[in-house]
Amino acid sequence: MSEVIGLRGLDRVSTYCASVGSAWPGLMEPDDTYGCGRAIDDEELARFVAIAEGAERSAGFLTFESRTARLRELPGPAIDMTAVPRCSAREYADPACPLRPYDADLPIRWVRGLELVSMEQRWIPAVMAHYGARHELAGEAFWNGISTGYAVHSDLVEATVRGICEVIERDMVALTWHQMLRLPRLQLTALSEEMGHLLAWSDDHFIETYLMDARSDVGVPAVYCMQRAPHDVRAQHVVAAATGRTMSEAAFKAMLETLLVRSLCYSESKPVKDPGAARFGADVEDGMRYMGVPERAAAFDFLTEDWERRRTVHDHEVTPLPQDPAQALSVLVARLAGKDMEVVVVDSTPVELANVGLCAVSAVIPALQPLSLIPRAAYLGHRRLYEAPAAMGHPCHPEADLNPWPQPFA
């Protein structure tokens with residue numbers, strides 16, 4: 001456990017990193033399972049969140065019971081593999097693309113999950129349910145797993161809600177960047193003292209803050225935050241996003257995350273890599289560091305063009321997600337079911353977490369757009385990328401006209 005040195009003047013914000021050790025001793029580094037927690041005016045909460053996130057990451061890497069089989073050999077229904085995100089033909093043709101199309105004739109590892117719309121068991125590829133599964137078999141190279149959809153909580157239902165919400169959040173992050181969506185402005189009508197403090201600090205340091213309504217067609221409160229610091233040579237533009245029960249909660253979480261990203265840009269002296277390099281994106285901070293410098297400021301223009309003339313959404317106009325976990329889950333499943341989307345949840349709780357009253361889940365929603373930090377494998381062949389913008393009232397660009405810049409999200 002270590003405290004992260006934050007930004008000057010933000011002494012009220014505590015940030016901690018925790019490593020829970022290696023989930024696979026000898027096969028991976030302990031730092032692969034680190035967690036980060038931050039809070040304002042509550043140092044113990046920041047430490048607690050860091051430990052919980054570390055446990056979440058560890059659960060995603062742990063070994064699991066699986067069945068190796070071809071799709072047709074499974075003893076029961078699997079998720080709809082035709083709905084699984086895929087790269088485009090152009091991406092697959094790139095020799096540096098690490099992914100290949102799914103081939104139903106190749107055996108892969110499968111695990112059991114609960115599909116929440118039908119409340120039936122489904123087989124799901126292990127590489128989609130456990131991001132530490134890696135590509136042990138040739139047929140598993142259709143998917144690049146990251147921590148999207150993983151959650152740890154003392155309440156299984158709440159963990160499921162949070163996992164689903166993160167998949168929804170990352171879907172919108174990917175859509176916004178690839179399709180260069182001009183999101184509505186978000187107006188917070190009643191600032192909390194904590195949010196006011198963060199905004200005031202930013203203003204005092206000549207950092208402009210842009211809060212945007214990032215709700216997708218699923219309707220969950222979500223905020224995309226961009227900060228611009230014209231004087232900053234390493235983090236002139238940083239972005240973050242968050243979902244919440246309310247828009248004000250999502251805005252606060254996104255704002256905290258944005259400030260963390262800014263501090264990370266100065267936490268190490270890593271060189272900015274060439275996005276054409278085959279390994280670009282292997283480190284989750286590659287895109288953030290590459291895009292944050294002043295030379296690439298123009299890439300962020302679409303986020304704020306015509307800002308004053310954009311539609312303004314007030315936070316109180318957005319229907320909140322119920323606070324009760326069971327009610328919130330019911331709302332989420334109903335909305336996703338209304339769009340014919342499968343929602344699969346896998347319980348990945350290791351005995352170590354169960355012994356202290358925690359549970360770990362991973363949520364997988366194949367119909368939503370994955371967030372990829374690897375420019376050469378961004379799932380540009382997925383239907384969602386071209387159908388969702390129109391469903392939300394935005395123009396839709398074909399693949400040739402998508403945003404050419406690497407994803408700056410971390």
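Using the crude model of +1 on Lys and Arg Cβ and -1 on Asp and Glu Cβ, and no other charge, please compute the dipole size for the chain relative to its Cα centre, in debye to 20.
With only Lys, Arg, Asp and Glu charged at Cβ, the dipole is about 900 debye.
Calculate for the chain the 222 nm mean residue ellipticity that helices alone would give, adding -39,500 (n - 2.57) per DSSP H run of length 4 or more and normalising by residue count, nearest 500 deg cm²/dmol.
About -8500 deg cm²/dmol.
Quick one: length gained pulling Arg12 to Glu73 fully straight, 0.36 nm per residue minus the C-alpha distance?
16.3 nm
Which order do peptides 86-96, 399-409 fall in by mean Cβ count within 10 Å, highest first?
399-409, 86-96
Roughly to the nearest percent, how much of the accessible area of segment 124-238 is carbon and sulfur, given a 1.4 Å probe?
After summing per-atom areas, the C and S share lands at 51 percent.
Along the charge dipole of segment 78-211, which of Tyr210, Leu191, Pro101 sits closest to the positive end, that is, farthest toward it, with unit charges on the beta carbon of Lys, Arg, Asp and Glu (+1, +1, -1, -1)?
The residue sitting most towards the positive pole is Pro101.
Whenever you get a sec, compute what percent of the accessible area on segment 312-357 sits on carbon and sulfur atoms (1.4 Å probe).
Result for segment 312-357: 52 percent of the exposed heavy-atom area is carbon or sulfur.
Whose amide H sits under 5 Å from the amide H of Tyr150, counting only residues 5 or more places off or on another chain, with H placed in the peptide plane?
Result for Tyr150 returns Ala363.
With a cap of 12 neighbouring Cβ atoms within 10 Å, and only residues DSSP puts in a loop, list the GluC sites (Glu not before Pro) found in segment 290-373.
Sites meeting the loop and neighbour criteria: Glu305.
Given the protein chains as shown and a 1.4 Å probe, how many square angstrom of Trp307 are accessible, to the nearest 10?
It works out to around 40 Å².
Order the following by accessible area, largest value first: Leu329, Leu321. Probe radius 1.4 Å; ligands, DNA and RNA are ignored.
The residues order as Leu329, Leu321, largest area first.
Quick one: which residues, 5 or more positions from Thr68 or on another chain, have an amide H under 5 Å from its amide H? H modelled 1.01 Å from N in the peptide plane, none for Pro or chain starts.
When sequence neighbours closer than 5 places are left aside, the close amide H contacts are Trp110.
In whole percent, and with a 1.4 Å probe on the protein chains, what portion of the accessible area of segment 58-111 is carbon and sulfur?
Reported share for carbon and sulfur atoms: 52 percent.
On a 0 to 90 degree scale, rounded to 10, what angle separates helix 43-61 from the longest Cα axis of the chain?
The answer is roughly 30 degrees.
I'd like to check one number: the per residue accessible area of the chain, probe 1.4 Å, reported in Å² as a whole number.
On a per-residue basis, 43 Å².
Might you work out the accessible area of Lys273 for me, using a 1.4 Å probe with all protein chains in place, and round it to the nearest 10 Å²?
Accessible area of Lys273: about 90 Å².
How many angstrom lie between the Cα centre of segment 216-281 and the Cα centre of segment 102-180?
If we compute the Cα centre of each part, the gap is 23 Å.
Using a 1.4 angstrom probe and counting only protein chains, how large is the accessible area of Asp315 in Å², to 10?
20 Å²
Quick check: residue separation of Ala200 and Ser118 times 0.36 nm, minus the Cα distance between them. What number comes out in nm?
24.8 nm
How charged is the neighbourhood of Val157? Take every other residue with its Cβ under 13 Å from the Cβ of Val157, and add Lys/Arg as +1 and Asp/Glu as -1.
Here the charged neighbours net out to -3.
What do you get for the angle between helix 156-178 and the principal long axis of the chain? Use alpha-carbon atoms, 0 to 90 degrees, nearest ten.
Around 70 degrees separate the two axes.
Rounded if a/c is under 1.5, else prolate if a/b beats b/c, else oblate: with a ≥ b ≥ c from the C-alpha gyration tensor eigenvalues square-rooted, which is the chain?
Rounded is the answer for the chain, as its axis ratio a/c remains below 1.5.
What size of dipole, in debye to the nearest 20, comes out for segment 255-410 about its Cα centre when the only charges are +1 on Lys and Arg C-beta atoms and -1 on Asp and Glu C-beta atoms?
Rounded to the nearest 20 debye, it is 200 debye.
Could you order peptides 34-43, 141-150, 365-374 by the average number of other Cβ atoms within 10 Å of their residues, highest first?
365-374, 141-150, 34-43
For helix 247-264, report the angle its Cα long axis makes with the longest principal axis of the Cα atoms of the chain; keep it between 0 and 90° and round to the nearest 10°.
Relative to the chain, helix 247-264 is tipped by roughly 90 degrees.
The values are calculated or read from the model by the stated rules, or taken from the named source; none is laboratory data. The shown structure was predicted, so the numbers you read here are calculated from the model rather than taken from an experiment. Counting neighbours? That spans all protein chains shown, and the Cβs are built from the backbone with ideal geometry, glycine included. The accessibility values were calculated without ligands, DNA or RNA, using every heavy atom of the protein model including side chains. Shrake-Rupley method; radii C 1.70, N 1.55, O 1.52, S 1.80 Å.
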